[in-house]
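The structure under discussion appears below in the form of structure tokens.
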Amino acid sequence: MTTTSARSKITKPSDRQIRVERVFDASVDRVWRAFTDPKLVAEWWGRGNTLVIERMEVERGGHWRYVEHAPDGTHGFEGRYREVTPQERIVRTFEWDGMPGYVIVESTELEDIGNGRTRVVTTSLFHTTEERDGMLNSGMEGGLNQSYEALDRLLAKTR
Amino acid sequence: MVQYQRNLDATFAAVADSTRRGILERLGRREASITELAQTFEMTLTGMKKHVRLLEDAGLVRTAKIGRVRMCRLGPRRLADEAAWIGKYQKMLDARLDSLGEFLERTKGDDR
């Protein structure tokens with residue numbers, strides 16, 4: 001499925017993945033800084049709303065937390081950086097305070113396509129039931145269930 | 001209305017606890033037995049049963065007995081929430097990229 005918004009090409013590789021592709025008329029270096037320099041992030045990430053960057057440790061395992069002050073209230077977003085490859089790729093977890101415990105893995109890739117332009121591809125992976133079903137189909141769950149059934153029996157005996 | 005309020009209270013109470021939020025996150029990945037959850041969160045079966053019951057009362061988790069094992073998966077409310085959240089997230093992401101495009105346009109002179 002492909003949707004085209006004003007400037008993005010949006011595809012859904014699976015029910016739990018959203019891939020958004022967009023070309024910016026700016027160098028990789030500028031785009032990279034826009035994603036990794038807190039002062040610059042504050043300028044655009046809030047979509048016109050005031051954005052407070054409480055934490056932003058751009059390194060593997062680093063914590064980030066942004067608070068957006070929107071007309072409908074205050075929204076906190078946070079997560080951890082999983083991968084930071086300068087000028088190329090950022091992978092981080094993304095969690096909204098409004099959906100606690102619901103984690104998205106967000107990967108942003110930059111590609112120089114010449115003429116000072118950069119392609120940005122964001123792939124977001126959701127933890128949903130589809131992923132669970134995938135595990136069920138792969139047979140891993142069966143093995144795990146058997147192990148846990150055995151454990152349950154053992155625990156019942158030793159209660 | 002009263003019923004709705006009760007559901008809302010139950011939902012907030014259910015997600016107010018970090019262990020229960022962890023359980024939802026875990027079940028979002030795949031279903032699990034009470035025993036498995038108890039192990040993952042290093043607590044007793046009795047303790048885990050209490051957490052699961054609260055989540056079940058709020059409609060966030062659904063459980064079913066399969067043989068001797070009680071399996072837990074996300075409940076109807078959580079699944080509806082998920083679908084709405086995915087839609088909302090996508091719109092938000094697109095709006096942020098619009099905003100990034102405007103920012104890069106606005107700061108073009110800064111490109112050395």
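The values are calculated or read from the model by the stated rules, or taken from the named source; none is laboratory data. Values in this document were obtained by computation on a predicted structure and should not be read as measured data. Positions of Cβ are generated from backbone atoms using ideal geometry, with glycine treated the same way; all protein chains shown enter the neighbour counts.
Quick one: residue A:92 ticks every box in (1) at pLDDT below 90; (2) more than 10 Å from chain B (Cβ to nearest Cβ) bar one, so which box is it?
Result: residue A:92 fails condition (1) only.
From the list B:60, B:104, B:74, pick out the single residue that is touching a helix residue (DSSP H, G or I) at 6+ places or on another chain (Cβ under 8 Å), within 7 Å of chain A (Cβ to nearest Cβ), in contact (Cβ under 8 Å) with a residue 12 or more places away in the chain and under 25 Å from residue A:94 (Cβ atoms).
Just one listed residue meets the conditions, B:74.
Go through the residues of segment B:103-110 one by one and say whether even a single one is over 25 Å from residue A:77 (Cβ atoms), buried (at least 16 other Cβ atoms within 10 Å of the Cβ) and of a type outside the set (A, V, I, L, M, F, W, C).
No.
Looking only at segment A:33-53, filter to residues that are more than 12 Å from chain B (Cβ to nearest Cβ) and within 18 Å of the chain's Cα centre (by Cα); which one of those is nearest to residue A:74 (Cα to Cα)?
Within segment A:33-53, the match that is nearest to residue A:74 (Cα to Cα) is A:53.
Does any residue of segment A:71-89 turn out to be farther than 18 Å from residue B:94 by Cα, within 12 Å of chain B (Cβ to nearest Cβ) and hydroxyl-bearing (Ser, Thr, Tyr)?
Checked segment A:71-89: no residue is farther than 18 Å from residue B:94 by Cα, within 12 Å of chain B (Cβ to nearest Cβ) and hydroxyl-bearing (Ser, Thr, Tyr).
Being more than 16 Å from residue B:16 (Cα to Cα) and surrounded by 15 or more Cβ atoms within 10 Å (Cβ to Cβ) is the filter here, so list the residues in segment B:50-69 that pass it.
Selection gives B:62, B:63, B:69.
Within the bounds of segment A:132-147, is there any residue that is modelled with pLDDT under 90, hydrophobic (A, V, I, L, M, F, W, C), closer than 23 Å to residue B:27 by Cα and touching a Phe, Trp or Tyr at 6+ places or on another chain (Cβ under 7 Å)?
Within segment A:132-147, not a single residue is modelled with pLDDT under 90, hydrophobic (A, V, I, L, M, F, W, C), closer than 23 Å to residue B:27 by Cα and touching a Phe, Trp or Tyr at 6+ places or on another chain (Cβ under 7 Å).
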